[in-house]
Structures are given as C-alpha cells and as structure tokens.
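A short write-up of the structure that comes next.
Any read-out appearing in this document is the output of simple, stated calculations on the displayed coordinates, not a laboratory observation. Just so it is clear, the model here is predicted, and its values are computed rather than measured. Using ideal geometry, Cβ is built from the backbone for each residue, glycine included, and neighbour counts are taken over all protein chains shown.
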Amino acid sequence: MAGFLIKTFGCQFNELYSATIADALRRGGHQPSDSLGEASLVIINTCAVREKAEEKAFSFLGEAAKLVGASRIVFMGCTATLDRQRAVRIAGRGLNVVEGTAGMEQVLTLVGTVVSLGQVDCTAPRSLFPTADIELIRGCESYCTYCIVPKSRGPEVVVDAGEVLHRAERAIESGFSELLFLGQNINRYRSSLGGLVETMSAVDELDGNFWFWFLSSHPANFTPEELRRVMELRHIEHRLHLPLQSGSDRILERMNRRYTIADYARLVEPIRENADWTLTTDIIVGFPGETDDDFAVTVDAVRGFRFDGVFLAKYSDRPDTPASRMQDKVPPALIDERHSALLSIVQGLSGQSNQVLVGRCVDVLVLAAHAGGNAFGRSIDGRNVWFSCSEPAPGVGTFVNVTIDHGSREGLYGTRVC
Ligand code: 5AD
Ligand code: SF4
C-alpha cells in the first residue's frame, strides 16, 4: 500500500520534527511505509553537523528521486538551508524544500501541499513514547567556530515558559513518563519566568509521576549555583550532558567556547561529588591546530573528569565556518589515530562506570518489554538497562526497580525486584 516514509538524520530536534510530522500524517489518514518503492511521500530530515551525514542524505535523496519523483519528496532540515541547489540538481526542480530555520507550522504547511493533512495541533506532545520532547529554544547564537548550526538553524527563537509548562502538563496528562527539554544551548534560555532553572523548577512542581531532563548545556552559560539548584529538583534525572569539546585551553579558545578547563572543573564539581549523578560529554578530535600536546591534555581531561559516556567526533570541515578557514588542518590519518586511541579510553571509562553499580538497586523507566520476561529501560542516571522480569511484563513508560548483576561498557544487566 502507498504510504509515507520519513528518513531522519542528526539531532533530537530532527527527531521531534519527524515525530510531529508522522503524527500529523497518521491523523490525516496516511499510513507509514518502510520501503521507498512503495512510498507516495518521502520526507528527508537532514543534518549538516558533519559532512558524512550530509552525504548520506544526498545519496538517499538521489535514490528517492528515482523511485518516487521530486514532487513527492520534502527535503528539510539543516542541509536543506545550506545546499538547496545541490538538492534540486540531484532530485529535479519539483523538489519541495523547507529550510532548517523553519518552525513546525511552516513545515506542516508545506507537507500539507503535497498530501492533505487536515487540522493539525503542533503543540500536542510527541516523540517516541514514553518520552515527550519539548522545544525551549530553536536556533543558536553561540558561534562555536567549527559549527554550522548558527547558520543552518538561524538565530534563537524562544518558546515562552507559559507555553512550555502547558506542553509539559499535556504530555504528563497524555501518559508520557519522561519529558526532554531541548535547546542547542539551553542555558541561554530566558523567558517570562526567568532562565532555565526557574522554568525547570516550575516544571518540577507539576503533578504526576514523571522524570525530566534537558539538552544541551553549554559550560559558558551555566554556573555551579544553577547546577546545584537543578540537582535538588524532585523529578530531574540524575545526569548532565555537558559538551567539553577539547581538554586544551588553547583549542577551546580557537573554538570560541568561552571557558577554560578550570571553569569546566568548577562547574562539574557538584556532579563529581555526587555518586548518584552521571556526566557525559562531546569531544571533537583533530580540530585545526590540535598538536600532540593538545591531544594529550584532552586525554588527561577525559580521564580526570571520569566521564560516564563520551560522544567522540572527528573534526569535519563545514563550509564557511571560521574553523574551515584555519590553515593548520590536522591530517585525516592523524585524526583517525587519535580518535581510535581516545575511543578505547572512553569505552574503558564507560565499562568502569557501569561496574560500580553491580549489586545496587536502580530506578528504571521501561522502554520496551518482550514476551518471555525480557525488558529494556533506562536508569534515572541515563544508563541502558537490560533486565529479566516475571510475567506480566511491565508496561512501556512504567517505573521499576532493578537489581544489577553485571555491567559492561554498553550498560547494565539485572533482575526486576518490584
Ligand atoms: N566537526 C565535528 N564535530 C562537530 N560537532 C559540531 N560540529 C562539528 C564539526 N564541524 C559535534 C560537537 C557538538 C555535537 C553535537 O557535534 O561535539 O557538541
Ligand atoms: Fe553549535 Fe556551539 Fe551552538 Fe552547539 S552551542 S549548536 S556546538 S554553535
């Protein structure tokens, strides 16, 4: 049967937009399809943060254009803003393009010109059940020198705290158990209630059994006092994702990150003093001008902060960014070498971090439950948990307690106790 197919690359914002579109299409009477050959509408939601994701999107676009034709394709997201011409060259002039700076309303309006959608409520809770994603700020004005997002997503647009609270309330009432608040640099959020901490404190006052957390924090716009206040909230998950990017002050300055390693260390002190909280980060390997010494101090920092998880990226030149104009590029072979050296260190750290929980009982949000007594979930501090349980299996979105028998670098393994 003919249906719609959505291909999503990149970040949580794209996941949220894709989930909203899928929901609107389903309500409009359209069925999802998992084969390009059978689809009558294809949506490609693109990411431009690294070149590889962009190339994948273009190659998928080429395939889709051959099978369904340009006029049945919506090409959206960051790459759609940056390289509309290449997309049209690949797919043909009938291609529907929506820029990455567009809000949900604009995206749905365009999708509605390709297939009928009927009435759509853009503020209804969505994302992959049981997690509702809620946008706080769209766009970015932090201008890290390697990053394409300020250009592809445009200046910051803030959702008022009243609207945020309304969406959170609706999500909880609709049965969502976890709320994820989103902003590229969420610590720059300012609205009618104050900043991020005031808004999260108001969310914490809502009735219901739910957890929440937020992405992504920026060390230059977050203070230890604010972090301590967040850590006291009742419903907050016990995890912070705080991108470090490099362990070298010299490289951090060239990245325009606006903090030093000492600032970062002061900021994460409350987390590292509290064994119930985890700390994860992003690191870019091979930023222009990164010397052996810069890399060595990055390795020291990764070990020193004992990150529970690290998202490692190889530096990728992005068009027209300040970093792309820097002359002293690191050779790709050296980037590969540093990447694999650091990868084995971060895998070791994740393994150690998970070992510590063996024998403990942890709070888990159930994300999947299978017949035969096997289930999967996420602990309150953000770890994957695979566990066995007796029938009846717990429902997706419920909270359970699991005793941990074993830990690996991928996560925890245990048995449900209640
Ligand atoms: N090259 C490599 N990694 C990048 N990131 C952003 N831009 C680039 C780039 N040009 C990484 C950063 C950021 C994460 C979302 O993607 O680590 O925190
Ligand atoms: Fe890019 Fe920096 Fe903005 Fe994050 S804070 S989206 S890395 S410019």
Discussion item. How far apart, in nanometres, would the label points at ALA333 and ASP121 be if each is projected 7 angstrom from Cα along the Cα-to-Cβ direction?
Written reply: 6.0
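Cβ neighbours within 10 Å, averaged per peptide: list 154-161, 98-105, 118-125 in order, most packed at the top. The partial results should precede the final answer.
Values: 154-161: 16.5, 98-105: 18.0, 118-125: 13.8.
Top to bottom by mean Cβ count within 10 Å: 98-105, 154-161, 118-125.
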Fill in: Size of electric dipole in the stretch 204-267: Cβ of Lys, Arg +1 and of Asp, Glu -1, about Cα centre, debye, nearest 20
400
Practice prompt. Provide the net charge surrounding TRP386, with neighbours chosen by a C-beta distance below 13 Å and charges set as Lys +1, Arg +1, Asp -1, Glu -1.
Written response: +1
Worksheet entry | the chain - Cys residues lacking any other Cys C-beta under 4.7 Å | CYS11, CYS47, CYS78, CYS122, CYS140, CYS361, CYS389, CYS418
Fill in: Shape of the stretch 223-273, Cα gyration tensor, a/c cut at 1.5
prolate
Worksheet item: Relative contact order, percent, of the chain when contacts are C-alpha pairs under 8 Å separated by at least 6 residues?
Response: 10
Practice prompt. Answer rounded, prolate or oblate for the stretch 114-266, using the Cα gyration tensor with square roots of eigenvalues a ≥ b ≥ c: rounded when a/c is under 1.5, else prolate when a/b is larger than b/c, else oblate.
Written response: oblate
Worksheet item: HN-Hα J couplings of the stretch 396-407 from phi, Karplus 6.51/-1.76/1.60, θ = phi - 60°, integer Hz, Gly and Pro as x?
Response: 4, x, 8, 10, 10, 10, 10, 8, 9, 9, 7, x
Fill in: Vicinal HN-Hα couplings computed from phi for the stretch 344-352 (Karplus, 6.51 cos²θ - 1.76 cosθ + 1.60; Hz; Gly/Pro x)
5, 5, 5, 5, x, 5, 4, x, 4
Practice prompt. Quick one: plug the Kirkwood hydrodynamic radius of the chain (C-alpha pairs) into Stokes-Einstein at 37 °C, 0.692 mPa s, and report D in µm²/s.
Written response: 144
Response to the item:
The percentage of Cα-Cα pairs in the stretch 200-247 separated by more than 17 Å is 38
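When Lys and Arg each count +1 and Asp and Glu each count -1, what net charge do the other residues less than 13 Å away from VAL362, Cβ to Cβ, add up to? Spell out each step's value before the answer.
On the way: positive: ARG239, ARG360, ARG378, ARG383, ARG416; negative: GLU237, ASP276, ASP363, ASP381, ASP405.
So the surrounding residues net to 0.
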Fill in: Computed E for SER388/GLN355 - FRET, C-beta separation, R0 22 angstrom, nearest 0.05
0.65
